[in-house]
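Notes follow the structure.
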Amino acid sequence: MKKLYLKVKRTLRFIFYRDLDINEQLDISENLVDDNLLTLYWNMSKADRQHSYEVFKRTKKNSNDRDLLLLSLLHDIGKSKIHAGVIFRVLSDVGLINNNKILILIELQGANDGLNTVIPYTQKFYYNLRPTIGIEKSKILTIDKENGLHYSLKSLANLFEKGELKIVQNLGYPHPVLSHFRSIDIWETGGDGKSQSRNGWLVKSLEDYAKKTSVDAKAIFLDNSNSIFRGGHEGYLGPNALGLEPQKIEVRDTIVPVDDRKNFGLLNDLIEKRKSSNESLNKFSYKLKQSKKSFQFGGLRNKGGQLAVQLENVCNMIGAGINIPVFKTALGSFDTHNNQEATHRRLLQNLDVSISLTVKALKKIGVWENTIIMTYSEFGRRAKENGSRGTDHGMAAPHFLIGGKINGGIIGEYDDLSKLWNNNINYKIDYRSLYDFILREHFNIKNNPFSKFNNKLIV
């Protein structure tokens with residue numbers, strides 16, 4: 001009833017508005033001393049100008065705060081198509097709103113074993129393939145008649161039950177490459193195993209999104225890998241930009257060292273030469289210091305490990321009103337060639353605890369409905385365990401989409417495990433369909449680079 005009342009009231013205001021008298025106009029001019037702000041105000045509809053002035057008068061009776069009075073006069077600017085982004089910038093600067101869509105990426109570095117994450121417990125051949133590392137049926141967290149989750153994923157099982165977790169099975173690409181670095185490069189640039197872009201898969205779309213939406217920066221990575229934002233320059237940050245230490249992730253292969261430079265994030269020339277970049281960093285620092293919404297994960301953070309540290313920082317940035325559409329984090333290493341059981345259990349526990357703490361914080365902040373958390377990894381692992389009680393590189397794996405507006409469930413299914421090719425789980429869903437879903441449904445970018453991979457099942 002309240003919503004109906006407000007709609008009726010808004011309609012009547014637009015029908016029976018009145019013109020502002022000369023004294024009211026002078027009052028507005030005295031408070032909106034900046035010509036640009038005055039122009040924005042007078043470009044509103046007459047009804048919106050009247051309403052804004054009424055709000056201004058009510059606000060003035062209770063407060064002399066300059067910013068608050070300014071906002072009361074300008075709060076309806078967002079209804080103007082031309083100036084839609086201005087009000088969001090104004091409100092964001094004083095920490096009153098954060099209406100941006102948020103994507104939190106969690107890279108499972110090293111290639112997560114999907115078969116022991118989402119377990120087809122009804123397939124007898126599962127235990128034939130994994131006589132020592134197969135998860136006991138009594139421990140599996142069943143989520144439907146055919147599948148269950150690893151026993152470390154209790155929070156994710158709860159999110160699935162609430163309809164806030166979608167599992168997409170058998171993700172991969174047409175021409176599989178089982179090299180860690182080549183494959184993660186394919187995933188992060190949107191390639192098919194034969195060709196790929198030089199730029200990160202999000203970069204072009206983030207540039208388009210930033211043009212029509214108020215953002216403080218386009219993206220930030222909290223681990224030690226920024227390759228997903230390759231090709232992006234201004235507005236792409238790293239942990240050092242906010243005085244944070246990058247979280248060290250275990251190396252994928254001993255052959256290739258992990259980049260350990262101190263100057264992550266904005267390129268040095270952007271920091272040193274571009275005033276706007278420095279202003280952004282100063283603004284972030286100010287918002288973090290002034291924020292009263294400090295989220296500390298407490299003792300449970302230790303159970304979340306390095307991922308919890310990264311996500312705690314993400315929640316504090318969001319809580320401080322810093323508008324960044326994409327946050328990139330990582331957990332690793334999932335390269336479990338030997339003695340997989342203990343390592344995999346610890347990493348999945350880290351993932352589960354970290355996501356649980358993040359969901360609680362985002363709900364408290366009030367942005368859970370605008371957020372999607374997505375996992376990804378370079379590839380999966382083979383169905384058959386090796387001689388070292390581990391698993392070797394495989395072609396496909398399931399991944400998670402988590403969010404307040406996610407239509408939960410399971411998309412896709414495992415192959416018959418008795419009929420695998422070279423002990424590989426075959427890919428059935430192109431991983432780029434996730435990218436189309438994120439860009440199309442979450443960021444409302446219908447015409448995106450991955451539109452042709454639109455999978456109507458992922459809704």
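Nothing in this text is a laboratory measurement; each read-out follows from the coordinates by a stated rule. No experiment lies behind these values; they were computed from the predicted model shown. So basically every Cβ, Gly included, is an ideal-geometry build from the backbone, and we count neighbours across all protein chains shown.
A cut-off of 5 Å between modelled amide H atoms, ignoring neighbours fewer than 5 places along the same chain, links SER377 with LEU108.
Counting Lys and Arg as +1 and Asp and Glu as -1 over every other residue whose Cβ lies under 12 Å from the Cβ of ALA383, the net charge comes to 0. Beyond 19 Å between alpha-carbons counts as too far, so tell me which of LYS194/LYS419; LYS360/LYS405; LYS166/LYS384; LYS328/LYS456 fall in that bin. In this structure, LYS194/LYS419; LYS166/LYS384; LYS328/LYS456 lie more than 19 Å apart at Cα. Derived scalar couplings between HN and Hα for the range 187-195 equal 4, 7, 10, x, x, 10, x, 10, 10 Hz in order, rounded to whole Hz, by the Karplus curve 6.51 cos²θ - 1.76 cosθ + 1.60 (θ = phi - 60°), x for Gly and Pro. Couplings 3J(HN,Hα) of the range 336-342, computed from phi: 8, 6, 9, 6, 5, 3, 5 Hz, in residue order, whole Hz [Karplus 6.51 cos²θ - 1.76 cosθ + 1.60, θ = phi - 60°; x for Gly and Pro].
Sites listed here are trypsin sites (Lys or Arg not before Pro) in the range 362-459 whose DSSP assignment is loop and whose Cβ has at most 10 other Cβ atoms within 10 Å: LYS419, LYS456. Using r as the Cβ-Cβ distance of LYS405 and LEU20, and R0 as 41 Å, what FRET efficiency do you calculate, to the nearest 0.05? Calculated value: 0.55. Seen through its C-alpha gyration tensor, with square-root eigenvalues sorted a ≥ b ≥ c, the range 311-459 comes out oblate because a/c lies at 1.5 or above while a/b is not bigger than b/c. The range 98-128 and the range 140-173 have Cα centres separated by 8 Å.
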